[in-house]
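Worksheet for the structure shown next.
The values are calculated or read from the model by the stated rules, or taken from the named source; none is laboratory data. In this text, all values refer to a predicted model and were calculated from it rather than measured experimentally. Using ideal geometry, Cβ is built from the backbone for each residue, glycine included, and neighbour counts are taken over all protein chains shown. SASA here: full protein model, heavy atoms, side chains in, ligands and nucleic acids out. Shrake-Rupley method; radii C 1.70, N 1.55, O 1.52, S 1.80 Å.
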Amino acid sequence: MRNLFKNQVQDGILKTMSQQAQFPLLKPITFVTGKGGVGKSVIAAAVALLESQKGKKIHLVELGEKSFYEKFFHLKRGTIQYQPTEIAPNLFISLWSYRSCLREYVGFYIKSQKLYDLFFENPVMQKFIQIAPALKELAILGKATSAPRNVGPTNPFDYLIIDSYSTGHHKALLTAPLAMSQTIHQGPMGYHSQKIFEVICDPDLSTHLLVLRPEDLPTIEGLEFYHFLKDKWNIQGQIILNQYLQFPKTTNELKELMQLADDDGIQKICQYFYKVSVEQENCFLQVRQEKAKAVCVPYSFDKEDVFAFLCSLNEKIKPL
């Protein structure tokens with residue numbers, strides 16, 4: 001797969017985006033979130049691939065215990081681990097759990113595996129970690145923001161793209177350092193929590209991509225989170241409307257076809273497409289009213305070559 005990708009680059013199949021609409025320009029850290037099922041992981045991969053084609057060294061990270069990208073990129077089980085794995089030129093993928101992030105963070109300071117095991121691998125401490133408020137989220141965000149804060153190992157990448165949790169869980173993730181800094185004002189915990197939160201809110205250090213699908217519930221939930229970031233923390237989220245359907249007819253033309261159809265089956269088909277078209281237009285209108293930075297990605301069918309599929313998404317980006 002990787003050799004095939006290199007051949008495609010050499011043959012000039014992959015096009016540059018200089019004359020087209022583009023995904024938002026990245027900052028050192030990019031968070032990608034959205035309601036479950038909107039395609040945020042695919043969008044994160046497409047953004048990562050696009051930037052890697054420009055010669056940037058990209059670290060794409062998925063959060064959790066199981067890897068989505070192993071199946072997506074047709075990799076062997078266990079290929080994606082905590083340490084970055086290069087799957088294409090300049091494109092590396094990792095899987096971060098709070099356990100792995102905490103292990104590296106504490107190990108970096110303690111510098112003793114025995115001491116780490118003594119404190120963090122015993123049953124009592126494991127139960128404490130499970131119930132300790134914000135500790136798991138802080139472990140992940142501490143790792144994610146370590147480079148701008150000059151904490152931990154040296155960062156060899158140009159950009160970090162985080163395929164984060166769905167909107168609700170992602171909100172809890174971002175809220176954790178602020179809550180901790182407001183609870184603990186003194187000491188290393190309070191200090192590092194405050195610095196983590198500052199990196200998240202700094203427009204020169206972090207980008208927040210909100211992936212929506214032009215349907216009522218994903219749009220409502222996505223715009224609610226957009227307002228949360230904007231009104232609460234003055235973070236300007238950037239919106240990607242994913243999987244919109246392109247119709248050969250306008251909404252009014254679909255309505256006329258629905259009314260004129262003399263066959264019940266055709267009428268129902270026209271009625272369905274008319275309903276989808278109206279819903280999409282309403283979602284577009286809601287996003288436009290926010291005057292947010294937004295682009296659209298049309299619905300695309302999967303292809304056997306996943307890299308070609310991601311490149312096709314990059315080529316189909318349109319301004320809203």
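Please determine, by comparing only the residues of region 257-284 that are at pLDDT 85 or above and charged (D, E, K, R), which one is farthest from residue 217 (Cα to Cα).
Looking at the filtered set, the residue picked out is 268.
List pairs: first in region 144-168 and under 18 Å from residue 26 (Cβ atoms), second basic (Lys, Arg) and open to solvent by less than 50 Å² (accessible area, probe 1.4 Å), Cβ under 7 Å, 6+ apart or cross-chain?
Within 7 Å, the pairs are 163/40.
Residues that are open to solvent by 40 Å² or more (accessible area, probe 1.4 Å), under 20 Å from residue 102 (Cα atoms) and in a loop (DSSP other than H, G, I, E, B): does region 163-180 have at least one?
No, because not a single residue in region 163-180 is open to solvent by 40 Å² or more (accessible area, probe 1.4 Å), under 20 Å from residue 102 (Cα atoms) and in a loop (DSSP other than H, G, I, E, B).
Can you name the strands (runs of 3 or more DSSP E) wholly within region 19-91 that have at least 1 residues being buried (at least 21 other Cβ atoms within 10 Å of the Cβ) and under 12 Å from the mean Cα position of the chain (by Cα)?
Hits in region 19-91: 29-34, 58-63.
Kindly list, by first and then second residue, each pair from a residue in region 172-192 that is among the aliphatic types (A, V, I, L, M) to a residue that is outside any helix (DSSP H, G or I) and at pLDDT 90 or above, limited to pairs with Cβ atoms under 7 Å and residues at least 6 apart or on different chains.
Going by the 7 Å Cβ cut-off, the qualifying pairs are 173/164; 173/165.
Return a yes/no flag: does region 191-212 have any residue that is touching a Lys or Arg at 6+ places or on another chain (Cβ under 9 Å) and closer than 18 Å to residue 136 by Cβ.
Taking every residue of region 191-212 in turn, at least one turns out to be touching a Lys or Arg at 6+ places or on another chain (Cβ under 9 Å) and closer than 18 Å to residue 136 by Cβ.
Anything in region 264-281 that is open to solvent by less than 70 Å² (accessible area, probe 1.4 Å) and either among the aliphatic types (A, V, I, L, M) or part of a loop (DSSP other than H, G, I, E, B) (or both)? List them, or say none.
Matches in region 264-281: 276, 278.
Sort out which residues of region 239-263 are open to solvent by less than 30 Å² (accessible area, probe 1.4 Å) and either part of a strand (DSSP E or B) or aliphatic (A, V, I, L, M) (or both), and write them in order of number.
239, 240, 241, 242, 244, 254, 261, listed by residue number.
Could you tell me which numbered condition residue 236 fails, if it satisfies all but one of (1) modelled with pLDDT of 95 or more; (2) open to solvent by 70 Å² or more (accessible area, probe 1.4 Å); (3) within 18 Å of the chain's Cα centre (by Cα); (4) not acidic (Asp, Glu)?
(1)
Within region 282-310, which residues are of a type in the set (Ser, Thr, Tyr) and open to solvent by less than 40 Å² (accessible area, probe 1.4 Å)? Even if it seems obvious, please write down each step before you answer.
Kept after step one, since they are of a type in the set (Ser, Thr, Tyr), are these residues of region 282-310: 299-300.
Scanning region 282-310 gives a single hit, 300.
Does residue 79 satisfy being farther than 28 Å from residue 208 by Cβ and at pLDDT 95 or above?
Yes: the conditions hold for residue 79.
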